[in-house]
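The values are calculated or read from the model by the stated rules, or taken from the named source; none is laboratory data. Nothing here was measured: the structure is a model prediction, and the numbers come from that model. Note that we place each Cβ from the backbone using ideal geometry, even for glycine, and neighbour counts take in every protein chain shown.
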Amino acid sequence: MGRFVAALALILLLALGAHAAPPPQVQLEFWTISLQPFFTGYIQGLIARYERLHPGVRVRWVDVQPQATTQKLLAALAGGVPPDVVNLNTEGTLQMAEAGALVDMDAAVPPALRARYFPNIWASLRYRGRSYGIPWYVVPDVLAYNRTLFRRAGLDPASPPATTEEWIRAATVIKRRTGVYGFMPNVDGIRFLKVFQEEGLPILSLDGRRAVFDSPAHVALLARYVDLFKADLFPADTLQRGYLGATERYAAGQLAMLTTGPQFLLRVRHDSPAVYRETLVAPAPVGRGHVLDLPTMDLAVPRASRHRAEAVDFALFVTDDENQLAFCKQVVIFPSTRAAARDPFFTRGGPSPEDRARVVAVRELPTARDLTVVVPHSDDLFRIFREAIESAFYGRMSPQDALRWAAREWTARL
């Protein structure tokens, strides 16, 4: 009898096993921005490691072009087929947070895990006091400068400008003594919004309902750059060509100082080895606001994801210390986690401008933050601001009238 019961039990167990549902499989969809084909191997390896650690999870990777990201995400949300983890910039993240489309990461991520990120970078992704993205990688500016042009101007290459005031003075001396432009400040279009903030000047009222960039201090700052422009102390194409124009002019030996992301040094090395050999690197000059702009890429989880917990876990894996460090070794970007930033890869330096740039840039991470201004109707508001700045520089309006007009138009739409 005992043998019969045992045999029956075994048969029942086998039968149940044969009809049992397979282990649940979670399918995550992960969107990145323009990482193929150069980083295909890195991302595929990242996903493979995660899937080995989480046998019940599969990750489908979708790479999206930058200009298509927002529209594609909106369409996916409207169609009920959102990605589970999506790579966004700060502006995109905060716009989606404003629409109530993203998971609150302050609630979803335990404090111990939040603590591994630089708090100022984590805070860059806050909307109404809550963070809606997990920081991934960042690209701070550094100051690259030509030591030969510094010496020709009678300046000490060992003492580069540390503040925006010193930077403007150095640029003025270089132009007057050498005939070469000293700098191309990042004043084109809406980037003047960041210039204001770096000098400690606000853009919006505390409730976000009024533009306040028409104060006497704002007007004085814009007027100063307009005067520099009229005095031919930076090139006429500064307002049109931005970073790209500055990098090309620097590589051609026609610009003494380049304030830019370290990745642009690679272009200088490629285009002009002679200028590259004369290049030194220092921290980007700091304004009265004691803050530098820090463009940030992050990972967000749509609230419509069917697998929120798993999606957050995967986003934390992608952005952990080990994986951020590995990604930074693939391309000239910088980590948003404190432990990764302490790695000897960033701290030991080396003989090349890129080696020095790594040391300089990583030291800026604790105090820099993304200065992106997020407002409703941003396309319209940014167009208005761009028109105002260009009108001031090209003499169509005074700086005061230009900012007063733009602030009035913004406030009417906020």
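VAL359 meets the stated requirement of being in contact with a Gly (Cβ under 6 Å, 6 or more places away or on another chain) and either under 16 Å from PHE118 (Cβ atoms) or hydrophobic (A, V, I, L, M, F, W, C) (or both).
Does LEU265 fit the bill of being at pLDDT below 95, outside the structural domain of LEU74 (by TED's automatic domain parsing), touching a strand residue (DSSP E or B) at 6+ places or on another chain (Cβ under 7 Å) and surrounded by 19 or more Cβ atoms within 10 Å (Cβ to Cβ)? Let's see the steps before the verdict.
On the way: at pLDDT below 95: yes; outside the structural domain of LEU74 (by TED's automatic domain parsing): yes; touching a strand residue (DSSP E or B) at 6+ places or on another chain (Cβ under 7 Å): yes; surrounded by 19 or more Cβ atoms within 10 Å (Cβ to Cβ): yes.
Against the criterion (at pLDDT below 95, outside the structural domain of LEU74 (by TED's automatic domain parsing), touching a strand residue (DSSP E or B) at 6+ places or on another chain (Cβ under 7 Å) and surrounded by 19 or more Cβ atoms within 10 Å (Cβ to Cβ)), LEU265 qualifies.
Restricting attention to region 201-218, the residues being in contact (Cβ under 8 Å) with a residue 60 or more places away in the chain and outside any loop (DSSP other than H, G, I, E, B) number 3. Scanning region 202-237 for residues that are closer than 19 Å to THR178 by Cβ and either of a type in the set (A, V, I, L, M) or surrounded by 21 or more Cβ atoms within 10 Å (Cβ to Cβ) (or both) yields LEU228, ALA231, LEU233, PHE234, ALA236.
Set side by side, the residues VAL142, VAL138 differ, and just one is over 14 Å from LEU258 (Cβ atoms) and within 20 Å of the chain's Cα centre (by Cα), which is VAL138. Scanning region 238-262 for residues that are more than 14 Å from ALA144 (Cα to Cα), surrounded by 16 or more Cβ atoms within 10 Å (Cβ to Cβ) and not hydrophobic (A, V, I, L, M, F, W, C) gives THR238, ARG241, GLY242, GLY245. With respect to the conditions (1) farther than 22 Å from GLU387 by Cβ; (2) part of a loop (DSSP other than H, G, I, E, B), GLU248 lacks only one, and its number is (2). Helices (runs of 4 or more DSSP H) fully within region 70-153 that include at least 1 residues being over 16 Å from ALA311 (Cα atoms) and out of contact with any Pro (no Cβ under 8 Å at 6 or more places or on another chain): 90-98, 111-114, 119-123, 147-152. Taking the listed residues ALA78, ALA101, the one that is surrounded by 13 or more Cβ atoms within 10 Å (Cβ to Cβ) and either touching a Leu at 6+ places or on another chain (Cβ under 7 Å) or not basic (Lys, Arg) (or both) is ALA101, with no other qualifying.
Taken together, the residues in region 277-294 that are in a helix (DSSP H, G or I) and buried (at least 21 other Cβ atoms within 10 Å of the Cβ) amount to 0.
Among the residues of region 190-228, how many are small (Gly, Ala, Ser) and within 18 Å of ARG413 (Cβ to Cβ)? Residues in region 190-228 being small (Gly, Ala, Ser) and within 18 Å of ARG413 (Cβ to Cβ): 3 in total.
Please go through (1) under 26 Å from LEU294 (Cβ atoms); (2) outside the structural domain of PRO119 (by TED's automatic domain parsing); (3) out of contact with any Leu (no Cβ under 7 Å at 6 or more places or on another chain) for VAL375 and return the number of the only condition it doesn't satisfy. In the conditions (1) under 26 Å from LEU294 (Cβ atoms); (2) outside the structural domain of PRO119 (by TED's automatic domain parsing); (3) out of contact with any Leu (no Cβ under 7 Å at 6 or more places or on another chain), VAL375 misses (3) alone. Residues that are surrounded by fewer than 19 Cβ atoms within 10 Å (Cβ to Cβ), in the same structural domain as ALA217 (by TED's automatic domain parsing), more than 21 Å from the chain's Cα centre (by Cα) and not in a loop (DSSP other than H, G, I, E, B) do not occur anywhere in region 186-200. Suppose we filter region 30-53 for residues that are in contact with an Asp or Glu (Cβ under 8 Å, 6 or more places away or on another chain) and not β-branched (Val, Ile, Thr); how many remain? Residues flagged as in contact with an Asp or Glu (Cβ under 8 Å, 6 or more places away or on another chain) and not β-branched (Val, Ile, Thr) within region 30-53 amount to 5.
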